[in-house]
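Okay, so here's the structure we're looking at.
The values are calculated or read from the model by the stated rules, or taken from the named source; none is laboratory data. This structure is a prediction, so every number in the text was calculated from the model and none was measured. No Cβ is skipped: glycine too gets one built from the backbone with ideal geometry, and neighbour counts run over all protein chains shown.
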Amino acid sequence: MVIVLEKNISEEKIETIIKKLEEFKFSVHKSTGVEQIVLGAIGVHPTFDIRKVKVLDGVSEVYRITEPYKLASRSFKKENTEININGVIVGGNEIEVMAGPCAIENEDQIFEIAKIVADAGAKILRGGAFKPRTSPYSFQGLGEEGLKLLRKAADENNLVVISELMETKQVHLLEEYVDIIQIGARNMQNFPLLKVVGKSNKPVMLKRGLAARVEDLLMSAEYILASGNPNVILCERGIRTFETYTRNTFDISAIPVIHKRSHLPIIADPSHAIGIRDKVLPMARAAIAAGADGIMIEVHNHPEQALSDGPQSLLPDQFAELMKQIKLIAEVIGRKM
């Protein structure tokens, strides 16, 4: 249930309304809009008479939300959520780019790539310190040492850091080094992990699962939001279909669908979606044209020697060219880089 409060309502009246909703056994979440304050009341029973809320002093409108995801829905919050991460705003009019290697391999590698990323105009450095790999024999990452190198390389180039969280016991470690916590596709429905990052003060980027519907993704985001963290970024990274020519099937249509259903920003990851270097550029362009709030791109200075996902990593000159191209597309659709 969504409760829209009257304009210029006093804090005293807001607290009175919240207290009354809690007496009705609702969990209450507050959202401050451009013009009015909105309360999300979670736990509505089909037989509850919403007139009990409508008559409360200071209440303007009351709506039932039919979507199972309440806090992530556009009904709860009309305006797009903008997340400010050390001056980098995800979800605003400016398109943001997250770029870097799949895995942090050594100091020289991450420092060189960080400079490449920054020089091309991107503001967010990605890199995996803990790697979820299909094969137990594949490179699993450098762990905390990788996080330290990632942080140092980002700071030297004035970049924001994003890296993936694998399990609940790692959350405090990642909070020490990163600015954005990434939840990978394989953990999209790891609900204990989602609850843990829901209590973190760091923004969370949640990747769509390999076989997840849009509603599944939004329901997973709801876990994080309901646990108290309002700073959630969604990520379309392709889904598993019967197609074999690409690594996954890049669901570009999910971008406008999610924008209509949810106020949360959405990033596109064509690198993992396609898995083939020469297909990444056209899919990145398409994602921006479809309305993505940003893209995540894998970049490597020596992809033929990469310990993880070299075939899908762009070369430095390809990444620089992509940045020029998406800047032009952004201008056409009324956005900026």
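The strands (runs of 3 or more DSSP E) located wholly in segment 145-232 that include 3 or more residues which are more than 21 Å from Lys260 (Cβ to Cβ), in the same structural domain as Ile258 (by TED's automatic domain parsing) and in contact with a strand residue (DSSP E or B) (Cβ under 7 Å, 6 or more places away or on another chain) occupy 160-165, 180-183. Quick check: anything in segment 288-299 under 20 Å from Lys115 (Cβ atoms) and either outside the structural domain of Met188 (by TED's automatic domain parsing) or more than 18 Å from the chain's Cα centre (by Cα) (or both)? Yes, because at least one residue in segment 288-299 is under 20 Å from Lys115 (Cβ atoms) and either outside the structural domain of Met188 (by TED's automatic domain parsing) or more than 18 Å from the chain's Cα centre (by Cα) (or both). Filtering segment 302-337 to residues that are in contact with a helix residue (DSSP H, G or I) (Cβ under 7 Å, 6 or more places away or on another chain), of a type in the set (A, V, I, L, M) and over 13 Å from Ala122 (Cβ atoms) leaves Leu315, Ile329, Ala330, Ile333.
Just one of (1) modelled with pLDDT under 95; (2) in contact with a helix residue (DSSP H, G or I) (Cβ under 9 Å, 6 or more places away or on another chain); (3) surrounded by 22 or more Cβ atoms within 10 Å (Cβ to Cβ) fails for Ala122. It is (1). When restricted to residues that are of a type outside the set (A, V, I, L, M) and touching a Pro at 6+ places or on another chain (Cβ under 8 Å), segment 309-337 contains 3. Only a single criterion out of (1) crowded, with 19+ Cβ neighbours inside 10 Å; (2) closer than 22 Å to Lys169 by Cα; (3) at pLDDT 95 or above is not satisfied by Lys202, namely (1).
Yes/no per residue for (1) buried (at least 16 other Cβ atoms within 10 Å of the Cβ); (2) of a type in the set (Ser, Thr, Tyr); (3) in contact with a helix residue (DSSP H, G or I) (Cβ under 7 Å, 6 or more places away or on another chain); (4) under 26 Å from Arg213 (Cα atoms):
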| residue | (1), (2), (3), (4) |
| --- | --- |
| Glu11 | no, no, no, no |
| Lys19 | no, no, no, no |
| Ile37 | yes, no, yes, no |
| Ile50 | no, no, no, no |
| Ser75 | yes, yes, no, yes |
| Glu82 | no, no, no, yes |
| Gly87 | no, no, no, no |
| Glu96 | yes, no, no, yes |
| Ile110 | yes, no, yes, no |
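Scanning segment 215-238 for residues that are buried (at least 19 other Cβ atoms within 10 Å of the Cβ) and farther than 25 Å from Thr32 by Cα yields Glu236, Arg237, Gly238.
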